[in-house]
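The structure appears below as structure tokens.
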Amino acid sequence: MEWRKRFVISLLFLCSFSLALAQGMNSFEAANKAYNQGDYSQAVSEYQKIIEDGEESFEVYFNLGNSYYKLNDVANSIYNYEKAALIDKNHPALQVNLSYARGMTIDAINQKSESGISKVFNEFILSVELSTWTYFSIVLMLLFVSFYLIFLLWNSTKIKRLAFILSIISFLLSLSAYGLASRHQSLEAKDRPAIIFSNTVVKAEPNDRGAVLFELHIGTKVQIVDQLGNWAQVQLADGQEGWLLEDSIKRLK
Amino acid sequence: MKTMKFYHLLVLFGLLISLQGFAQETVEFTVNLSKSKLGINERIRVDFSMNRDGDQFTPPDFKGFRVVMGPSQSTSSSWINGVRSFKRTFSYTIAPIQKGTFTISQASVVIDGKTYKTQSKEVIVTDAVKKPSDQLTAYDIAEEKLHLVAEVSKNSPYLNEPITVVYKLYVGGNINVSNFRPLENPTYENFWSSEIPINKYSFSSGTFKGEPYNVVDLKRVVLYPQLTGELVLEPLSLEITADVPTNRRDFFGGVIYSSTNKVVTAGKRTINVKSLPEEGKPANFSGAVGDYNFFVEASKKILNAGESLQLKVSVKGSGNLKLFQIPEVKVPASIERYDPEFSEAIKTTLGGMQGEVSNSYTLVPGYKGKYPIPSISFSYFNPTTKRYHSIDSEEVLLQILEGPELGQEDQPNQVQKLEVVADDQFKFIELQTNLRPIEKKNFFGTISYYLSWLLPLLLIPLAIIYGKNQQKRRGDVEGNRSRRANQLAKKYLSAAKKAIADKEEFYVALERALHHFLKAKLKIETSELNKDKIAEILLDRGIENDDIKELIQLLEHCDMARYSPISAGEIQTDYQQSIATITKLDKKI
């Protein structure tokens with residue numbers, strides 16, 4: 001009897017879990033259907049339901065961006081494409097549709113070219129996921145310890161020598177994996193993108209008296225650099241900086 | 001005497017007429033004064049007139065006056081369409097003797113046997129006037145009877161609210177205005193002004209200070225104040241050429257006019273301009289005051305890249321149309337926008353400016369896609385409702401059907417670009433997905449990460465401590481020796497120990513063990529060698545003589561014991577001896 005009870009409980013648990021997943025999948029399929037029938041606002045509400053239920057995927061954001069594009073909602077369209085880009089930056093369909101959506105924006109901002117080496121280095125770090133760097137550092141540390149123990153406890157001089165060299169190498173590799181992981185984390189923390197949701201002026205100071213530097217329009221992507229009260233300091237892709245009211249932007253992270 | 005004779009003649013004539021027995025109209029006998037108020041140095045004329053011939057005319061006594069001239073009598077009669085009219089007038093010119101109020105009392109006449117009387121009239125005699133009326137020049141009359149008045153529609157308008165100024169010339173007393181010439185034209189500083197031209201000057205009748213005058217509009221101006229506060233309107237000065245009738249008559253009895261020039265000035269006025277209220281002022285307010293409509297229209301909405309379209313931003317209505325900025329239109333960066341062409345169709349009337357101003361932009365989209373042109377907002381202040389109004393234009397959606405792809409412009413190779421066009425339509429949604437929970441927790445940086453990363457390092461000090469322990473053990477000589485001896489004994493003498501009860505087998509095992517030991521240590525087969533050879537090899541290895549002797553003795557003992565009786569105690573001693581020897585040798589080799 002005992003085992004049967006346990007079986008039923010675990011079955012119930014599995015069911016509820018898969019039910020939640022299935023619900024998300026149902027919404028996704030319903031939304032896709034609505035999109036295909038041209039009912040874009042219905043599609044938007046179905047996709048949003050998935051996100052409100054605490055689930056996400058590249059495709060949900062991408063499809064949501066498409067739906068908003070069809071509804072001519074520039075800011076929301078770009079916002080969701082950028083959300084998708086956070087998951088998979090190099091998706092070919094995303095790049096095409098994002099360029100369509102960017103065409104609807106008013107602001108023309110030139111990309112500032114970063115210096116070559118640091119860009120390549122940062123891109124390399126970001127191309128590997130943070131968890132990978134994390135596990136690398138742990139595994140390499142374990143390797144170091146075991147090699148060092150071999151070095152300490154083995155009698156043969158040959159093996160001792162080899163173990164010592166290997167242990168030093170894996171120790172250094174573990175340290176650099178840790179360094180890259182923390183660099184990855186700080187790069188991600190520094191990357192605080194946001195999308196302009198209402199046309200706004202960018203001021204030189206975080207108050208109403210500040211001189212107006214320039215104007216930004218919906219759909220433009222900015223990087224948040226700093227914050228003071230309900231003002232956020234933002235940086236454009238071309239390096240210009242200024243302060244704007246927090247409620248005119250929506251953060252991507 | 002002469003007059004009397006004339007009088008009789010007239011009476012005779014009158015009798016003749018009355019004999020005709022013509023219509024008996026009502027008798028009127030009235031008095032008429034040339035003015036009722038005069039200076040003491042002036043004169044006044046009193047006329048008594050009757051419309052029927054009468055007898056026994058008795059003038060009043062003119063108390064307080066002296067008769068300067070008169071009575072003079074004039075009679076006129078006429079027949080018009082068979083109707084006879086008759087008028088006889090007795091005129092006196094009198095001058096006052098002193099100041100005060102006097103009464104010219106009744107005069108009487110007898111007509112057809114009835115006595116008629118005039119009403120008595122009051123005359124006020126004041127101080128001497130400078131110029132007695134009978135000496136007035138044409139200029140004096142012109143000054144008295146020509147007035148220029150500026151009528152301002154509003155004394156406290158809002159900034160940019162239109163006001164009108166109409167300059168009116170009042171002309172009285174049969175004066176003819178033949179010409180006018182502006183001497184000083186106001187420049188209307190701090191106002192935007194527009195003069196409304198007058199094509200034809202036409203007189204109309206009006207009153208000025210209660211007296212009837214002829215009025216003509218000479219100049220009409222619409223003003224839009226451009227500054228707040230008290231603004232001064234400069235006066236308008238005109239030199240007017242006027243023909244003033246004189247008392248003289250020409251040969252034909254016509255009035256002789258005398259011409260004179262007169263300068264009239266009017267319209268020095270202070271206008272208090274109110275500033276627009278700050279309350280509810282929209283951020284994008286650009287100074288438009290009036291009542292407007294606002295439109296943004298595109299000439300076409302569906303086109304191909306490279307074609308051009310016109311986007312017209314227009315403001316229609318009434319107000320200060322020329323005096324504000326039309327809001328600028330913002331277009332997506334990928335659409336080329338040229339500077340706007342400004343056009344206006346404005347009519348200025350007394351009510352202000354009316355019509356339309358517009359900016360027409362030429363747009364050339366460069367890439368295909370959808371381009372919404374966001375709505376723009378236009379704000380204005382309506383002075384009649386005293387409120388701000390905002391109009392948002394409708395969003396215009398441009399659809400570019402054919403053209404290159406946005407984001408492809410960086411590709412230098414034109415051919416390649418054409419190839420990818422077909423592929424770069426707007427992509428359809430993705431149909432497969434793997435949902436995952438949004439909340440992600442980073443393992444990196446947590447305590448458990450640091451524990452699992454650094455904890456293995458603890459193994460190293462542990463290992464070192466373990467190694468130290470080993471060292472210590474090695475340092476303990478006595479214990480070491482016995483342990484080592486035990487180890488060696490275990491290794492080589494285990495067989496011997498097992499056979500410790502059987503004398504013969506014990507010594508065979510012991511000998512084998514010793515040879516095994518030597519074999520392991522010296523790496524030579526010693527069982528084939530005799531004892532001298534073994535001693536020699538051991539000596540070569542630097543083993544002391546005593547130790548060698550002990551080993552040789554042991555080996556000899558083994559040989560001997562096989563054939564001679566030996567007690568159990570001896571076996572035990574030999575066993576111990578062999579352990580000590582092996583341990584000693586092991587250390588030295």
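Tell me, which strands (runs of 3 or more DSSP E) wholly within segment B:262-359 include 3 or more residues that are exposed (fewer than 13 other Cβ atoms within 10 Å of the Cβ)? Please lay out each step first, then the result.
Details: elements: B:269-273, B:290-298, B:309-319, B:335-337, B:341-349.
Correct list: B:341-349.
Screening A:VAL74 on (1) in contact (Cβ under 8 Å) with a residue 24 or more places away in the chain; (2) over 22 Å from B:PRO332 (Cα atoms); (3) hydrophobic (A, V, I, L, M, F, W, C) shows it passes everything except condition (2). Within segment B:142-159, restricting attention to residues that are assigned to a helix (DSSP H, G or I) and acidic (Asp, Glu), the residue that is surrounded by the most Cβ atoms within 10 Å (Cβ to Cβ) is B:GLU143.
In segment B:337-385, the qualifying residues are those that are under 30 Å from B:ILE198 (Cα atoms), touching a residue at least 60 places away in the same chain (Cβ under 8 Å) and among the small types (Gly, Ala, Ser), and the one that is farthest from the other protein chains (Cβ to nearest Cβ) is B:GLY351.
Applying the selection to segment A:241-253, what residues are in a loop (DSSP other than H, G, I, E, B) and surrounded by fewer than 16 Cβ atoms within 10 Å (Cβ to Cβ)?
If the condition is that a residue be in a loop (DSSP other than H, G, I, E, B) and surrounded by fewer than 16 Cβ atoms within 10 Å (Cβ to Cβ), then A:LYS253 is the only one that fits.
The condition of being β-branched (Val, Ile, Thr), surrounded by fewer than 20 Cβ atoms within 10 Å (Cβ to Cβ) and within 14 Å of chain B (Cβ to nearest Cβ) holds for only one of A:ILE196, A:ILE159, A:ILE168, that being A:ILE168.
Looking across segment B:424-449, the residues that are in a loop (DSSP other than H, G, I, E, B) and of a type in the set (Asp, Glu) come down to B:GLU430, B:GLU439.
Take the conditions (1) within 8 Å of chain A (Cβ to nearest Cβ); (2) modelled with pLDDT under 65; (3) assigned to a helix (DSSP H, G or I); B:GLY407 misses just one of them, which is (3). The set of residues from segment B:521-548 being outside any loop (DSSP other than H, G, I, E, B) and in contact (Cβ under 8 Å) with a residue 12 or more places away in the chain comprises B:LYS521, B:LEU522, B:LYS531, B:ILE534, B:ALA535, B:ILE537, B:LEU538, B:ASP547, B:ILE548.
Evaluation of B:THR384 against the conditions (1) in a loop (DSSP other than H, G, I, E, B); (2) exposed (fewer than 14 other Cβ atoms within 10 Å of the Cβ); (3) of a type outside the set (Asp, Glu); (4) over 22 Å from the mean Cα position of the chain (by Cα) shows that the sole unmet condition is (4). Only one of (1) within 14 Å of chain A (Cβ to nearest Cβ); (2) at pLDDT 75 or above is not met by B:ALA496, so which one is it? Unmet for B:ALA496, out of (1) within 14 Å of chain A (Cβ to nearest Cβ); (2) at pLDDT 75 or above: (1). The helices (runs of 4 or more DSSP H) found entirely in segment A:57-104 that carry 2 or more residues being facing another protein chain (nearest Cβ under 7 Å) are A:58-70, A:92-103.
Taking (1) in contact with a strand residue (DSSP E or B) (Cβ under 8 Å, 6 or more places away or on another chain); (2) surrounded by fewer than 18 Cβ atoms within 10 Å (Cβ to Cβ); (3) farther than 30 Å from A:GLN111 by Cβ in turn, B:SER393 satisfies each apart from (2). Of all residues in segment B:238-251, one or more are touching an Asp or Glu at 6+ places or on another chain (Cβ under 9 Å), under 30 Å from B:GLU161 (Cβ atoms) and in contact (Cβ under 8 Å) with a residue 12 or more places away in the chain. Scanning segment B:548-562 for residues that are farther than 21 Å from B:ALA495 by Cβ and modelled with pLDDT under 80 turns up nothing. Considering A:LEU236, A:LEU173, A:LEU216, the condition of being surrounded by 19 or more Cβ atoms within 10 Å (Cβ to Cβ), within 14 Å of another protein chain (Cβ to nearest Cβ) and closer than 25 Å to A:GLU123 by Cβ is satisfied by A:LEU236 alone. Tell me, which residue of segment B:360-370 that is modelled with pLDDT under 85 and either part of a loop (DSSP other than H, G, I, E, B) or touching a Pro at 6+ places or on another chain (Cβ under 7 Å) (or both) is surrounded by the most Cβ atoms within 10 Å (Cβ to Cβ)? This residue is B:LYS368. Among the candidates B:THR187, B:THR164, the residue that is modelled with pLDDT under 85, farther than 21 Å from B:THR260 by Cβ and surrounded by fewer than 20 Cβ atoms within 10 Å (Cβ to Cβ) is uniquely B:THR187.
Name every residue in segment A:105-115 that is among the aliphatic types (A, V, I, L, M) and more than 7 Å from every other protein chain (Cβ to nearest Cβ), in order of residue number. Steps first, please.
First pass over segment A:105-115, keeping only residues among the aliphatic types (A, V, I, L, M): A:106, A:108-109.
Across segment A:105-115, the qualifying residue is only A:ILE109.
Take B:LEU401 and tell me if it is in contact (Cβ under 8 Å) with a residue 12 or more places away in the chain, more than 10 Å from chain A (Cβ to nearest Cβ), surrounded by fewer than 16 Cβ atoms within 10 Å (Cβ to Cβ) and farther than 20 Å from B:PRO225 by Cα. Yes: the conditions hold for B:LEU401.
Reported count of residues in segment B:258-284, each being closer than 25 Å to B:GLU328 by Cβ, at pLDDT 85 or above and out of contact with any Phe, Trp or Tyr (no Cβ under 7 Å at 6 or more places or on another chain), is 1. Among the residues of segment A:134-149, those that are more than 8 Å from chain B (Cβ to nearest Cβ), among the aliphatic types (A, V, I, L, M) and buried (at least 18 other Cβ atoms within 10 Å of the Cβ) comprise A:LEU140, A:LEU143. Residue pairs whose Cβ atoms lie under 8 Å apart, separated by 6 or more positions or on different chains, with the first residue in segment A:116-133 and within 10 Å of chain B (Cβ to nearest Cβ) and the second surrounded by fewer than 11 Cβ atoms within 10 Å (Cβ to Cβ), do not occur. In segment A:220-231, the qualifying residues are those that are closer than 15 Å to A:ASN76 by Cα and in contact with a Pro (Cβ under 9 Å, 6 or more places away or on another chain), and the one that is nearest to the other protein chains (Cβ to nearest Cβ) is A:LYS221.
Only a single criterion out of (1) over 23 Å from the mean Cα position of the chain (by Cα); (2) closer than 29 Å to A:ASN110 by Cβ is not satisfied by B:ILE302, namely (2). Those strands (runs of 3 or more DSSP E) of segment B:67-141 in which at least 1 residues are surrounded by 12 or more Cβ atoms within 10 Å (Cβ to Cβ) and without any contact (Cβ under 8 Å) to a residue 60 or more places away in the chain, considering only elements entirely within it, cover B:83-96, B:100-104, B:108-111, B:114-117. Can you pull out the residues in segment A:29-56 that are part of a helix (DSSP H, G or I) and in contact with a helix residue (DSSP H, G or I) (Cβ under 6 Å, 6 or more places away or on another chain)? Residues satisfying the conditions are A:ALA30, A:ALA31, A:ALA34, A:TYR35, A:TYR40, A:GLN42, A:ALA43, A:VAL44, A:GLU46, A:TYR47, A:LYS49, A:ILE50. Cβ-Cβ distances below 7 Å connect the following pairs, each with a first residue in segment A:176-191 that is within 11 Å of chain B (Cβ to nearest Cβ), a second residue that is surrounded by 14 or more Cβ atoms within 10 Å (Cβ to Cβ) and not in a helix (DSSP H, G or I), and a separation of six or more residues or different chains: A:ALA181/B:PHE444; A:GLN185/B:PHE444.
The values are calculated or read from the model by the stated rules, or taken from the named source; none is laboratory data. Worth saying up front: this structure is predicted, and the values here are computed from it rather than measured. Because the Cβ atoms are built from the backbone with ideal geometry, glycine has one as well, and the counts that use them run over all protein chains shown.
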